[in-house]
């Protein structure tokens, strides 16, 4: 019996950096049309979608480019300090991101979507917590989260 091949990373399964950049471009285009979220991102620079794609890529097993260029997980958390995000905004953010994932054709197999939703659910809740009064910047060497297939061990193989 031959050993089971190593499953691709979530990053590879999603389609790599090009797929994640397409996702964030479509997502932020939708955000700017949304009455609840547009004000939150009104001061966003033109490179923001690409930076977010690079962050998500690293979390899903891609290159460590966000850590090298933007301060890793601590850098991302710091960007949320003082933003006073609400649960209503978080839920809408999730809804638009998942709609955008469908729109751009991110894989829709249950294993990938379960892992992807698990990360964005966790990350968006962390963003809300770190946006509230009294939240402080984490240590600069805070580890970057790494998201994988979980207990499933990879995409479904019939």
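If a residue has to be part of a helix (DSSP H, G or I) and in contact with a helix residue (DSSP H, G or I) (Cβ under 7 Å, 6 or more places away or on another chain) to count, how many in region 49-96 make the cut?
Qualifying residue count, region 49-96: 23.
Could you tell me whether residue 120 is under 21 Å from residue 20 (Cβ atoms), out of contact with any helix residue (DSSP H, G or I) (no Cβ under 7 Å at 6 or more places or on another chain) and assigned to a helix (DSSP H, G or I)?
No, not satisfied.
From the list 132, 43, 89, exactly one residue is buried (at least 19 other Cβ atoms within 10 Å of the Cβ) and farther than 21 Å from residue 17 by Cα. Which is it?
Just a single option satisfies the conditions, and that option is 89.
In region 130-157, how many are at pLDDT 90 or above, in contact with a helix residue (DSSP H, G or I) (Cβ under 9 Å, 6 or more places away or on another chain) and either at positive phi or not in a loop (DSSP other than H, G, I, E, B) (or both)?
Number satisfying all stated conditions: 0.
Select from region 22-40 the residues that are surrounded by fewer than 14 Cβ atoms within 10 Å (Cβ to Cβ) and either outside any loop (DSSP other than H, G, I, E, B) or touching a residue at least 24 places away in the same chain (Cβ under 8 Å) (or both) and list them in ascending order.
Residue satisfying the conditions is 29 alone.
Tell me, please, whether a residue that is part of a helix (DSSP H, G or I) and either touching a strand residue (DSSP E or B) at 6+ places or on another chain (Cβ under 6 Å) or closer than 17 Å to residue 94 by Cα (or both) can be found in region 5-14.
No, region 5-14 contains no residue that is part of a helix (DSSP H, G or I) and either touching a strand residue (DSSP E or B) at 6+ places or on another chain (Cβ under 6 Å) or closer than 17 Å to residue 94 by Cα (or both).
What single numbered condition from (1) over 28 Å from residue 34 (Cβ atoms); (2) within 18 Å of the chain's Cα centre (by Cα); (3) surrounded by 13 or more Cβ atoms within 10 Å (Cβ to Cβ) fails to hold for residue 143?
Checking residue 143 against (1) over 28 Å from residue 34 (Cβ atoms); (2) within 18 Å of the chain's Cα centre (by Cα); (3) surrounded by 13 or more Cβ atoms within 10 Å (Cβ to Cβ), the one that fails is (3).
Limited to region 41-60, what total is found for residues that are under 23 Å from residue 116 (Cα atoms) and over 12 Å from the mean Cα position of the chain (by Cα)?
So the count comes out to 3.
Taking the conditions exactly as written (surrounded by 15 or more Cβ atoms within 10 Å (Cβ to Cβ) and under 14 Å from residue 27 (Cβ atoms)), does residue 51 satisfy them or not?
yes
Any chance you could count how many residues in region 104-113 are part of a helix (DSSP H, G or I) and surrounded by 14 or more Cβ atoms within 10 Å (Cβ to Cβ)?
Within region 104-113, residues that are part of a helix (DSSP H, G or I) and surrounded by 14 or more Cβ atoms within 10 Å (Cβ to Cβ) number 4.
The values are calculated or read from the model by the stated rules, or taken from the named source; none is laboratory data. What you see is a predicted model, and the numbers here were worked out from it, not measured in a lab. FYI the Cβ positions are ideal-geometry reconstructions off the backbone, even for glycines, and counts take in every protein chain you see.
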